[in-house]
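Asks: Dropping the structure in here first, questions after.
Nothing in this text is a laboratory measurement; each read-out follows from the coordinates by a stated rule. Here the structure is a predicted model, which means the values were calculated and not measured. Note that we place each Cβ from the backbone using ideal geometry, even for glycine, and neighbour counts take in every protein chain shown.
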């Protein structure tokens, strides 16, 4: 027992030394625990992949017809409450790595860099192939990346992709790497199908179905981005300039998901989560504006995590942002977890809603709760 305690103390001391070293390095490169400043990180390319199969909200409700009839629930409430008309799904057996690799191939096709030039691969989805090895290991194999590439997963609910951008961006900023590939592939179909089965159980009541409602907004999709050192980018690219994080784990029980065998379950207190999430976002926005000097008028476009129309309305009102600057995808994609915010950025770029000479604020949120806000500036060529 004494030898175990001594060993534990030694590990703790090593961890403390590493933390001090990490903080010292952070200060050296303009990073604080709350604010990260980027001067040399470009989003060289960003692309996505979507499944072909579409489920409308009416389709979802049709599958729930028996419970709707038994509990006298009005048809159309799913779209009415969320603003989500449809979402897409891959087949149930589609792995996270397959989805991520689809987006990875799409972004490599757009990128001016070869796949062998990637120094880092990060998989950042909620979904994963298995607990071990990292899903990044499977994505790396599917994309046939170089053996020199570091690989790992970053998982933080719907915030994972933005977290991965900060991690990879910090590694580029510090000179550890020159290029990074970030991928995320989400397939919500198994969760939604399991939720439908649970909701059809005869013991369900109007009250007991509430924690399952958010599951019906989930969709599927994949997104990938290539980040690089700014001077390596061959054309005008959006630049990551700053990021701020605010965390409040006192709300970590409001949205919890787990698996038991092949079954998936997620329970969400949607009303309390909305209130708590807006509170965390308000504190993050205050820090963001103080750190960057931005105001609510600064961003030309605001890209948020795509929960639904109520979340969007409440968030913009709370932060004093103009809804005219919003760009949404939840109407046709639903909530695609970690894919939602970055895929919305790509779609805004495709639509000409975010273009050269403009600034964008990426406002992410992940259950737990954590908010990450990122400043992205796209200079004129």
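Asks: In a Gaussian network model over the chain where Cα atoms closer than 10 Å are linked, find which of 85, 347, 130 has the largest mean-square fluctuation.
Replies: 130
Asks: Next question. How far is helix 2-28 tilted, in degrees, relative to the longest principal axis of the Cα atoms in the chain, given as a value from 0 to 90 rounded to the nearest 10?
Replies: Helix 2-28 and the main axis of the chain meet at about 70 degrees.
Asks: Once you have a ≥ b ≥ c as the square roots of the Cα gyration tensor eigenvalues for the range 264-357, tell me rounded if a/c is under 1.5, and otherwise prolate or oblate according to whether a/b is larger than b/c.
Replies: Verdict is oblate for the range 264-357.
Asks: Right, something else. Taking the chain as the reference, fit the longest principal axis to its C-alpha atoms, fit the long axis of helix 160-173 to the helix C-alpha atoms, and give the angle between the two in degrees, 0 to 90, nearest 10.
Replies: Roughly 10 degrees, rounded to the nearest 10.
Asks: Which angle between 0 and 90 degrees, to the nearest 10, do you get for helix 340-350 versus the longest principal axis of the chain when only C-alpha atoms count?
Replies: Helix 340-350 and the main axis of the chain meet at about 80 degrees.
Asks: Follow-up question, since we're still on this one. Mind ranking 306-313, 111-118, 360-367 by how tightly packed they are, going by the mean number of other C-beta atoms within 10 angstrom, highest first?
Replies: Top to bottom by mean Cβ count within 10 Å: 360-367, 306-313, 111-118.
Asks: From Cα pairs below 8 angstrom and at least 6 apart in sequence, can you work out the relative contact order of the range 236-378, rounded to a whole percent?
Replies: That works out to 39 percent.
Asks: Going by how many other Cβ atoms sit within 10 Å of their own, how do 57, 338 line up, fewest first?
Replies: 57, 338
Asks: Beyond 40 Å, what share of the Cα-Cα pairs of the chain is found? Please give it as a whole percent.
Replies: Here the tail beyond 40 Å accounts for 15 percent of pairs.
Asks: Let me ask something else about it. GNM, the chain, Cα, under 10 Å: largest mean-square fluctuation among 202, 234, 190?
Replies: 202
Asks: Find the centroid of the Cα atoms in the range 137-205 and in the range 270-298, then give the distance between the two in whole Å.
Replies: 24 Å
Asks: Something else about it: Counting only C-alpha contacts under 8 Å and six or more residues apart, can you give the relative contact order of the chain as a whole percent?
Replies: Relative contact order comes out at 23 percent.
Asks: Ignoring everything except DSSP H segments at least 4 long, calculate the 222 nm mean residue ellipticity for the chain; use -39,500 (n - 2.57) per segment, divide by total residues, nearest 500.
Replies: Result for the chain: -11500 deg cm²/dmol, rounded to the nearest 500.
Asks: When the chain is modelled as a GNM with alpha-carbon springs shorter than 10 Å, which of 92, 124, 259 fluctuates the most?
Replies: Greatest mean-square fluctuation among the candidates belongs to 259.
Asks: Further, regarding this structure: Assuming 0.36 nm per residue, please report the length gained on full extension of the stretch residue 314 to residue 271 beyond their Cα-Cα distance.
Replies: 14.3 nm
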